[in-house]
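> Got a structure here, written out as structure tokens. Questions coming.
The values are calculated or read from the model by the stated rules, or taken from the named source; none is laboratory data. Please read these numbers as outputs of a predicted model, since none were measured by experiment. Note: ideal-geometry Cβ built from the backbone for every residue, glycine included; neighbour counts use all protein chains shown.
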Amino acid sequence: MDCESGLPASFLWTAAVLVILHSSAGDSDLICYDQPIIALIGNDVTLPCHLQPGINVIDWRVEWTKPGLDPQHVHVHEEGRMLYQTQNPSFSLRTRLFMDELLQGNVSMMIFRVTLSDEGTYRCTIPSAHKEALVHLRVGSVSSPAVTSLNISSGGVVLRCESAGWYPEPELLWLDDEGNVLSTGPPESVRGPDGLYTVRRNLSVDQTHRRNFICRVQQEKINQNRETHFNITVPDNKHETRQKEKQPEVVFLTEAETENPDSDQQIQISNPDSFSIRGRKTSRGRNHTRPLT
């Protein structure tokens, strides 16, 4: 018993500790990345949030929620452990905080195996400090375009470029070897039951030139594009070509796609009766997880 105040010493000690903790948290700001975080479906992503200046919050309650989700809790940490019973089932075994980083005030959350439904706004809250901030996750999906021939004759060829498995809805362009957009048929876009888009577009090519072509599929919101480069060559022996144009033969030879997005994928379409086509696939863009600053 404290003689002057008449209160138990244990109560005063607890109150003093709470005042110190509240004062420390009050001096820190909860800072989350203010630009959308971009992740591709199937990849892992970190939503960055931290207290500045950093303080030890490993025993504090840290809540990550997703407004509109029911239940809305994505990850709840308290007293050094995760509270699994409060978590939305769609995030089961797919989230974590960084225990060592909590000692420094880093409350960032990692999401494993991102799905399309993960896209949206997340709220990080530290209730005891009366702090909260928002992070927006933008989810994308990409695939390399494939080119096929719809019609081959002595007058030319109609090429179709198609790419499936995109999100958000991408733009498909045919370009020449100088990067100029070519006049083509209207684009087609279909959204499947999985929420992903398939896009296609045709290009008519005559046999009067030797030219390079590029089929590009791009999505600026997720900073991604994929390209297939084609070279079309008109045979020098036109007399021989005219003799064989009645029954053109088309052979498609396609290599399996590699995991390296910058590697070339060779595609060959040989038509000895009219022309030959040789191409490669390339990609641009990456999964964006911005580091804490």
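> Does segment 172-189 include one or more residues that are surrounded by fewer than 15 Cβ atoms within 10 Å (Cβ to Cβ), closer than 30 Å to residue 65 by Cα and without any contact (Cβ under 8 Å) to a residue 24 or more places away in the chain?
No, the conditions are met nowhere in segment 172-189.
> Follow-up question, since we're still on this one. Out of all the residues in segment 66-82, is one or more more than 30 Å from residue 142 (Cβ to Cβ), modelled with pLDDT of 95 or more and buried (at least 19 other Cβ atoms within 10 Å of the Cβ)?
The answer is yes, given that some residue of segment 66-82 is more than 30 Å from residue 142 (Cβ to Cβ), modelled with pLDDT of 95 or more and buried (at least 19 other Cβ atoms within 10 Å of the Cβ).
> Let me confirm something: among 105, 80, which residue is small (Gly, Ala, Ser), farther than 24 Å from residue 221 by Cα and free of Cβ contacts under 8 Å to residues at least 40 places away in the same chain?
80
> Still on this structure, please answer the following. Out of the strands (runs of 3 or more DSSP E) lying entirely within segment 37-79, which hold 1 or more residues that are among the aromatic types (Phe, Trp, Tyr)?
Working: elements: 37-40, 45-47, 49-52, 62-65, 73-78.
The strands (runs of 3 or more DSSP E) meeting that bar are 62-65.
> Looking at 107, 147, which one is at pLDDT below 95, crowded, with 19+ Cβ neighbours inside 10 Å and touching a strand residue (DSSP E or B) at 6+ places or on another chain (Cβ under 9 Å)? Lay out the reasoning, then the answer.
On the way: 107 fails: at pLDDT below 95.
From the options 107, 147, the qualifying one is 147.
> In addition: Is there any pair with a first residue in segment 130-151 that is at positive phi and a second that is surrounded by 17 or more Cβ atoms within 10 Å (Cβ to Cβ) and not in a loop (DSSP other than H, G, I, E, B) whose Cβ atoms are under 9 Å apart and which are 6 or more apart or on different chains, and what are they?
130/25
> In segment 190-197, is there at least one residue being buried (at least 16 other Cβ atoms within 10 Å of the Cβ), assigned to a strand (DSSP E or B) and of a type in the set (Ser, Thr, Tyr)?
From segment 190-197, those buried (at least 16 other Cβ atoms within 10 Å of the Cβ) are 196-197; that's our starting set.
Filter again for assigned to a strand (DSSP E or B), leaving 197.
Filter again for of a type in the set (Ser, Thr, Tyr), leaving 197.
The answer is yes, given that some residue of segment 190-197 is buried (at least 16 other Cβ atoms within 10 Å of the Cβ), assigned to a strand (DSSP E or B) and of a type in the set (Ser, Thr, Tyr).
> Do you know which of the residues in segment 110-144 that are within 21 Å of residue 73 (Cα to Cα) and of a type in the set (Ser, Thr, Tyr) is surrounded by the fewest Cβ atoms within 10 Å (Cβ to Cβ)? So that I can check it myself, show each step before the final result.
Step one: of segment 110-144, the residues within 21 Å of residue 73 (Cα to Cα) are 110-139.
Filter once more, keeping what is of a type in the set (Ser, Thr, Tyr): 115, 117, 121-122, 125, 128.
On the way: 115: 15, 117: 11, 121: 13, 122: 24, 125: 19, 128: 14.
The residue in question is 117.
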